[in-house]
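Have a look at the structure below before the remarks.
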């Protein structure tokens, strides 16, 4: 007999009134598998905001305290909405996806669910995979922890596992997974069609950037879906929701020119507009031209820094010359593109940030998406520099977790590098002003 299962992505940005694009692809993939096995599944993205507004980066600094202050405010409408959904769903099982930035928010969701009588609570997601010890002491509040890819770990929903911590391996054939169960989204009728167009075509990245946790999540080996399966899913989403704008969520979509060209050939003539993320050293002009012909409307690039010294510190594996050449090709072909840049990494100095701002002016991206370095658990920088956090309250393991949450999304309360706070604010204001000049809206 099938169970009632409610999967929840905890809230974060909604507390601040900011935009949140896309859909929780991990939970929706899991929902597809659960539905295939006969369960009734709903997915609550408690951070989705259909009335969202574009945000300036400095605005996030100013309003970040609204998230912190409302974490324990049980009267806030965000928590009331979650409780109301649990009451409506009456789930046998609640599954919660944890990322580092929403660790405490996810725990609050678990507390609400338990208080309302939910008998089984399962936790998964990137933070659980990378740092399960952070939630081991929450066993009781949370019944089971699933590390890794959870679509094949059905026992935590259906049976009685022999262990409270289930370690899942890599899924070898992504084509065997059901498509994301978008119909399971609570309030799916309120979603923008472009958000429903988020598509996963691969898992993993061959890079080893010191600021990124992709390698520890997936390993070095990238697993690919077949292009046939990807396009079939796009066609299905178009038929059901009228979606014509898609975003491919891969860490590096253009790893294989052959695969990209197979994709462009398959979508040409369908009227779809699509975008992707990639690296400056994995994009050739011939490939770009075919992408544009097939409907590609935006490319997002990890530029990261305008200082070659900092790129080496990041273990990025790219050069400024490669970035400049790729930018020239994109600009010459008149396609919109976004430059991801960050500041505040360990070892960086003010002059490096100045170099990044000059470099952005030189290469002229359509948009800039800027970030302050966040010491995510498991990354190369985290392993090397946790002891160097410049914060009075980082004295123990709990303090470090709190520091990570505080540092994220530009709160600037914890700085791990050698850059003055004022320089980081200048950097964020630069990004705001760059996008404002052309009245550009950043959807990162």
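One table, with the values for the structure above:
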{"item": "Residues (modelled with pLDDT of 95 or more, in contact with a strand residue (DSSP E or B) (Cβ under 9 Å, 6 or more places away or on another chain) and in a helix (DSSP H, G or I)) located in segment 113-132", "result": "113, 114"}
{"item": "Those residues of segment 330-354 which are surrounded by fewer than 18 Cβ atoms within 10 Å (Cβ to Cβ) and either assigned to a helix (DSSP H, G or I) or outside the structural domain of residue 275 (by TED's automatic domain parsing) (or both), in sequence order", "result": "331, 332, 350, 351, 354"}
{"item": "Some residue of segment 35-56 being at pLDDT 95 or above, farther than 29 Å from residue 434 by Cα and assigned to a helix (DSSP H, G or I)", "result": "yes"}
{"item": "Odd one out for residue 74 among (1) at pLDDT 90 or above; (2) part of a helix (DSSP H, G or I)", "result": "(2)"}
{"item": "Residue among 154, 180 that is out of contact with any helix residue (DSSP H, G or I) (no Cβ under 6 Å at 6 or more places or on another chain) and in contact (Cβ under 8 Å) with a residue 60 or more places away in the chain", "result": "154"}
{"item": "Test set (1) part of a helix (DSSP H, G or I); (2) under 27 Å from residue 190 (Cβ atoms); (3) under 21 Å from the mean Cα position of the chain (by Cα) - residue 274 fails condition number", "result": "(1)"}
{"item": "Number of positions in segment 195-224 that are modelled with pLDDT of 95 or more, in contact with a helix residue (DSSP H, G or I) (Cβ under 6 Å, 6 or more places away or on another chain) and surrounded by fewer than 19 Cβ atoms within 10 Å (Cβ to Cβ)", "result": "1"}
{"item": "Criterion: under 21 Å from residue 93 (Cα atoms), not assigned by TED's automatic domain parsing to the domain that holds residue 11 and not in a loop (DSSP other than H, G, I, E, B) - qualifying residue of 183, 151", "result": "183"}
{"item": "Residues within segment 179-193 that are surrounded by fewer than 18 Cβ atoms within 10 Å (Cβ to Cβ) and within 24 Å of residue 277 (Cβ to Cβ), tallied", "result": "3"}
{"item": "Residues of segment 211-243 that turn out to be touching a strand residue (DSSP E or B) at 6+ places or on another chain (Cβ under 6 Å) and outside any helix (DSSP H, G or I), as a count", "result": "3"}
{"item": "Breaking point among (1) within 17 Å of residue 311 (Cβ to Cβ); (2) modelled with pLDDT of 95 or more, for residue 347", "result": "(2)"}
{"item": "Odd one out for residue 322 among (1) out of contact with any helix residue (DSSP H, G or I) (no Cβ under 9 Å at 6 or more places or on another chain); (2) in a strand (DSSP E or B)", "result": "(2)"}
{"item": "Any chance residue 6 is on the phi < 0 side of the Ramachandran plot, touching a residue at least 12 places away in the same chain (Cβ under 8 Å) and more than 18 Å from the chain's Cα centre (by Cα)", "result": "yes"}
{"item": "Among residues of segment 29-45, those that are touching a strand residue (DSSP E or B) at 6+ places or on another chain (Cβ under 6 Å) and surrounded by 22 or more Cβ atoms within 10 Å (Cβ to Cβ), counted", "result": "6"}
{"item": "Where a residue in segment 218-239 is in the same structural domain as residue 254 (by TED's automatic domain parsing) and farther than 20 Å from residue 256 by Cα and its partner, wherever it lies, is surrounded by fewer than 19 Cβ atoms within 10 Å (Cβ to Cβ) and modelled with pLDDT of 95 or more, with Cβ under 7 Å and at least six apart", "result": "233/179; 236/179; 238/244"}
{"item": "Residue list for segment 134-148, filter: over 18 Å from residue 101 (Cβ atoms), in contact with a helix residue (DSSP H, G or I) (Cβ under 9 Å, 6 or more places away or on another chain) and not in a loop (DSSP other than H, G, I, E, B)", "result": "142, 144, 145, 146, 147"}
{"item": "Flag if residue 317 is under 24 Å from the mean Cα position of the chain (by Cα) and more than 29 Å from residue 425 (Cβ to Cβ)", "result": "yes"}
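Here is a yes/no grid of residues against (1) over 28 Å from residue 181 (Cβ atoms); (2) touching a residue at least 24 places away in the same chain (Cβ under 8 Å):
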position: 56; (1), (2): yes, yes
position: 67; (1), (2): yes, yes
position: 80; (1), (2): no, no
position: 84; (1), (2): no, no
position: 90; (1), (2): no, yes
position: 109; (1), (2): no, yes
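The values are calculated or read from the model by the stated rules, or taken from the named source; none is laboratory data. Values in this document were obtained by computation on a predicted structure and should not be read as measured data. All Cβ positions, glycine included, derive from the backbone under ideal geometry; neighbour counts span all protein chains shown.
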